[in-house]
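One structure below.
The values are calculated or read from the model by the stated rules, or taken from the named source; none is laboratory data. Bear in mind that the values here come from a model prediction, so they are computed numbers and not experimental data. Note that each Cβ is placed from the backbone with ideal geometry, even for glycine, and that neighbours are counted across all protein chains shown. What goes into the accessible areas is simple: the full protein's heavy atoms, side chains included, and nothing from ligands, DNA or RNA. Shrake-Rupley method; radii C 1.70, N 1.55, O 1.52, S 1.80 Å.
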Amino acid sequence: VVMDAESNRKIARLATISLILGILSFGLFLFACLILIWIKLSPFDEFRALALLGQAAILFLGSLILGLPGFVIAFIALTRIRKEGGDHKTLRTVIIGLVLGSVGPTIVLIFLAYIFLFNSSVPPPVLITPSPLVPLPTGG
């Protein structure tokens, strides 16, 4: 099946959009990971570390928000290429957009599932140690 020029342009446009969204999603994901590594390796006070952690959370959310539409658009374009035919450049663009659009959101969703499924709501036990100021009872 041979595609007409208009259909080819529409699919190429979808492929480009999915690639852009995939690159942005993956970039936000990598930037959030770098912030988390930076927090771990650098001595920060707790307020600055908390602010950077909030930025990383927002970037992870941005990766999820941009990656999912990029993945869906790439999947639509891939389906149209298989159905109507298409050139290899557009197919390559779609596959790269599909991969980049799925990496960040997949890892973010796994991370969120881990937090919600394995996060214990039971606080750790409080260790009670005797105070040196309290006199010990004598046996007499």
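Brief remarks follow.
- Based on protein heavy atoms only, segment 12-112 ends up with 61 Å² per residue of surface accessible to a 1.4 Å probe.
- When 53, 59 are compared by accessible area at a 1.4 angstrom probe, the order from most to least is 53, 59.
- The figure for residue 118 is an accessible area of roughly 150 square angstrom, using a 1.4 Å probe on the protein chains alone.
- Of all aspartates and glutamates in the structure, the ones whose alpha carbon falls short of 16 Å from that of residue 83, not counting any fewer than 8 places away in one chain, are 4, 6.
- Peptide packing: for 39-48, 77-86, 13-22, the average count of neighbouring Cβ atoms within 10 Å per residue gives the ranking 13-22, 77-86, 39-48, highest mean first.
- Dipole orientation for segment 6-118: of the candidates 35, 105, 72, 72 has the Cα lying most toward the positive pole (charges on Cβ; Lys, Arg +1; Asp, Glu -1).
- Counting heavy atoms of the protein chains alone, residue 50 has an accessible area of about 110 Å² for a 1.4 Å probe.
- Solvent-accessible area, 1.4 Å probe, carbon plus sulfur percent, for segment 1-127: 74
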